[in-house]
1. Of Lys436/Lys524; Lys438/Lys524; Lys461/Lys524, which ones are farther than 32 Å apart at the Cα?
2. In whole percent, and with a 1.4 Å probe on the protein chains, what portion of the accessible area of the chain is carbon and sulfur?
3. Helix 362-372: angle to the longest alpha-carbon principal axis of the chain, degrees 0 to 90, nearest 10?
4. Round to the nearest 10 and report in Å² the accessible area of Ser429, as given by a 1.4 Å probe over the protein chains' heavy atoms.
5. May I ask you to give the solvent-accessible area per residue for the range 286-404, in square angstrom, as obtained with a 1.4 angstrom probe?
6. Would you work out which of Gly308, Ser429, Tyr120 lies farthest towards the positive end of the dipole of the chain, given +1 charges on the beta-carbon of Lys and Arg and -1 on that of Asp and Glu, about the Cα centre?
7. I'd like to compare 382-394, 115-127: which one has the highest average count of other Cβ atoms within 10 Å, and what's the full order after that?
8. For the ranges 265-276, 466-477, what's the packing order if you count other beta-carbon atoms within 10 Å of each residue, average per peptide, and put the highest first?
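The values are calculated or read from the model by the stated rules, or taken from the named source; none is laboratory data. The structure presented is a predicted model; accordingly, all values stated were derived computationally and were not measured. As a convention, Cβ positions derive from the backbone with ideal geometry for all residues, glycine included, and neighbour counts pool all protein chains shown. Note: areas computed on protein heavy atoms with side chains; ligands, DNA, RNA excluded. Shrake-Rupley method; radii C 1.70, N 1.55, O 1.52, S 1.80 Å.
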Amino acid sequence: MDTTEPISLDAARMTREQRAALPLSAEVIQAMAEQHGVCTRPLAMRRIDTTTGRVEVVPVPCGSTREDQCRPCAEKARRLRMAQCRQGWHLDHEPVIERATPTEAQEVLMATRADLAAAYAECQTDGDQAACEQIAESVAELDTELRAAGVRGRLTPLDPPPQPVKRSTRRRQDAPDLPRRPVEHRTIGRVFAGRYRPSTFLTLTLDSYGRVDSDGAAVDPDRYDYRRAARDAIHFPALVDRFWQNTRRCVGWEVQYFGTVEPQKRGAPHFHAAIRGAIPRAELRAITAATYHQVWWPNHDHVVYTDGRLPVWDIRAKGFTDPDTGKPLPTWEQACEELAEPAHVVRFGQQVHVKGVLGGTEEAGRHIGYLTKYLTKSVGQAAGLDEHATDRHRDHAARLHAELRVTPCSPRCAVWLLYGIQPHGVRHSMTPGRCKGKAHQPEHLGIAGRRVLVSRKWSNKTLEDHRAERTKFVRQLLERAGIQPAQGVEDGPYLWERPAPTDPDIPPRPLLLLHAIAERQRWKAEYTAAQLATSNPPPNQNRSATTDQAA
Ligand SMILES: [Zn+2]
Ligand SMILES: [Zn+2]
């Protein structure tokens, strides 16, 4: 919002039109919140301090990652991603993964679970359904306890899922033609000339589907291969997965990456990645050229059923049938048995950009900014499909979307019914051709998976860990400066309650926002004072946290 000179306004002497043009106080407060970096649509939560018994209604940020929903929250989320990217890129020591040894309590719970599972199997053999249900309930409770006790990983289900259909060797993904080295247990790159530890910035794109203009719209839409574009977009994440598998095998160490999937203007996904360590350009090019992903799905080149003549659910057959003959359609498993060739093969395009980047340089910072630049936008917005898009660009996106609507996104996709195949896990509630999957929605352009892909040993920290780290950093800074934060460490632990909107202690949103703005201002003042008071600069590894916090 523009800040203009204060003028005194006399609303009584204005026309109705003039009065309508005045900003509402709520809008003013909203704009203030945005300026102060405070969530503009917070949730009112009741916070109960279990030590002091104090009850307060406080604003809790919405946590959106989209700037058109909440700019401050989206920006905060992006900065956290930047910090995560920076921490892992030029790491000079192996991130340690230490698992705590199981406690006695955990072991007791696990042993009980094993006993119950054995009892369950026994009751099932005897056909005692009632006992089985009772045991299943106890196991569910036990599992909750195990999770609460800090046990991670998969717990064996009582009813093992059916064995997947064995693939014939013919359908195996052929190993690409690449040299193979044994994979060493290291994730950090080499040091050159005793002090340089270069890392890599990589961009992978998909093939061309036809010429496009400067806005990304097809020059000749009738010759642009929208079908291949749609399928490639849907299977892009699987292709990227394969790329990392091949890379690790070929270079011989556990390559780590922080990557983002973004749309190009033409609507095709591409992939940017910060890779820890240096990999020769020629090697990355060879891996990219050799990588492909085969989609072993039934053929879906020809739509069999369209609106007006769609498969119908048959109660007795418990499946979808042909509307004319009443014959059941082949199930997913049946349709997969006869496959002679993959329905689709995805490969990368010719363009591969590889760049060596040294840690701590301006260039590294620029690339981190580039990697995270579009994370606050939807896929469509990031592809330039906003209010400034040209008609040609919009038409191009519409044609791609028309193809995505009839492209199955997974084995469970209801679009399969248009091709006369019952999807995996078919249910009567399915509507042929209607799938809620993100891939079919116009704003996603077929890019349905996660936008940020981070390998496990990048920084060996979750986003939550990174967030906690930043809070700790600020606290330490305040402590060093001898500043008592408004909310002390000794406060809490808290109990949180979601109040009903009619509760009398719930303030209206503008008041909630003002509360949040005041808190933020106090926090900023404390932080600035602490920065001024501590003359010695913070240790190097926290430099990033400073810049990220202060903004
Ligand atoms: Zn928010
Ligand atoms: Zn789908």
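1. Lys436/Lys524; Lys438/Lys524, as the Cα separations exceed 32 Å there.
2. Solvent-exposed carbon and sulfur of the chain make up 52 percent of the total.
3. Compared with the principal axis, the helix lies near 60 degrees.
4. Taking all protein chains as shown, Ser429 has close to 80 Å².
5. Solvent-accessible surface per residue comes out at 55 Å².
6. Towards the positive end, the residue furthest out is Gly308.
7. 382-394, 115-127
8. 265-276, 466-477
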